[in-house]
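Reading through the structure tokens given below for one structure.
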Amino acid sequence: ELIHAGPYNLVLDLGTGTGRMLELLAHTSSRLVGVDSNRGMLHYARLRLEARGLTHCSVRHGDLYDLPFAEGTADAVVVHQVLHYVENPRAVLAEAARVLRPGGHLSFCGPIMRSSAWASLSRKSRPYLRVPVLRSGPTAS
């Protein structure tokens, strides 16, 4: 499971793409928002969410390095299969930590990189994050 079962008030899916994570996590929150910079993917995600009747899920255009949410507003943030595509994964995780409320849940999943993005999160943000780190495969350090 990517996040605890909730219930949450707001879950963010960073780099939402097709919106699949929103679909899978729809039962966990009263409001889910996917953020992506690719307008074509957002259009596709909107169509999928509408077809499935997930009216409490939405997507919006945004920059993962400068999220359109205030500090401490999200109960949970999911970054699924995104970090290996961005230029600066550390900055994306730091931004995810910024919008996460104290005690919220951050989940990131994808290929493990040798330069640990987790280690670079600011000391200020780390106390609020409880993230199990699973290591496997030849690139785990």
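Nothing in this text is a laboratory measurement; each read-out follows from the coordinates by a stated rule. In this text the structure is predicted, and so the values were computed from the model without any measurement.
How much length would be gained if the chain were fully extended between SER37 and ARG52, taking 0.36 nm per residue of separation minus their Cα-Cα distance, in nm to one decimal?
Value of the extension gain: 3.1 nm.
When the expected Rg is taken as 2.2 N^0.38 Å, what fraction or multiple of it is the alpha-carbon Rg of segment 1-62?
Relative to the rule-of-thumb radius for its length, segment 1-62 sits at 1.00.
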